[in-house]
Amino acid sequence: MEGVVANVIRCVVFFLLQVLFLKRLSTGWEGYFYWNVLFYPLFILLLPFRTPRSLLLLIAFVFGLMIDLAYDSPGVHASASVFLAFMRDIVIKLDWLVPREGYKITASPTIRDLGFPWFIRYLGILLLCHVLFYFAVEVFVPSQIFEILQKSFFTYILSMVFILIYMIIFRPSQ
């Protein structure tokens with residue numbers, strides 16, 4: 001029960017952080033660089049391993065829809081969040097990512113439970129999937145591949161930095 005309460009609090013905090021603070025930091029195409037910080041995917045990534053896949057997809061959809069309402073973006077965040085939740089199970093099962101002793105049923109995908117090297121690979125792969133999918137859906141024009149890659153690159157780097165700073169400072173356990 002305490003895990004559920006901790007995740008509800010994390011959901012609210014991440015939502016508020018994303019829409020009240022990080023949304024204001026985003027810049028458009030006025031200059032050469034485009035950057036955006038997508039911190040909210042961390043909520044989906046930190047859900048316990050024992051979370052049933054159907055519940056994970058539902059949580060991702062609802063959480064992404066809440067972000068969409070705040071950003072006034074019709075379904076872009078929701079679809080990227082569902083894609084992230086879908087990819088999460090696939091990535092967790094990759095042979096080279098599974099710890100030697102396997103995953104403990106009570107573990108969560110955190111630095112504290114699985115170590116920094118494991119977490120950086122897990123985060124790196126899934127955040128890249130999320131960001132590429134997000135900008136592919138947002139732009140939705142194959143001829144704009146350079147724009148998609150450029151936006152994805154800057155957003156990926158900044159999001160990784162913000163998420164890693166959070167993970168190192170706060171070291172969440174579940």
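The values are calculated or read from the model by the stated rules, or taken from the named source; none is laboratory data. Keep in mind the model is a prediction, meaning the values are calculated, not measured. Neighbour counts are summed over all protein chains in view; Cβ atoms, including those assigned to glycine, are modelled from backbone coordinates with ideal geometry.
Could you pull out the residue among 90, 44 that is more than 18 Å from residue 154 (Cβ to Cβ) and within 14 Å of the chain's Cα centre (by Cα)?
Numbers: 90 fails: within 14 Å of the chain's Cα centre (by Cα).
Selected residue: 44, the only one of 90, 44 that is more than 18 Å from residue 154 (Cβ to Cβ) and within 14 Å of the chain's Cα centre (by Cα).
Yes/no per residue for (1) closer than 19 Å to residue 41 by Cβ; (2) within 15 Å of the chain's Cα centre (by Cα); (3) modelled with pLDDT under 95:
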position	(1), (2), (3)
68	yes, yes, no
71	yes, no, yes
106	no, no, yes
127	yes, yes, no
130	yes, yes, no
142	no, no, yes
148	yes, no, yes
169	yes, no, yes
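Check the stretch 79-91 and report whether any residue there is of a type outside the set (Asp, Glu) and without any contact (Cβ under 8 Å) to a residue 12 or more places away in the chain.
First, the residues of the stretch 79-91 that are of a type outside the set (Asp, Glu): 79-88, 90-91.
Of the ones still in play, those that are also without any contact (Cβ under 8 Å) to a residue 12 or more places away in the chain are 90.
Among the residues of the stretch 79-91, at least one is of a type outside the set (Asp, Glu) and without any contact (Cβ under 8 Å) to a residue 12 or more places away in the chain, which makes the answer yes.
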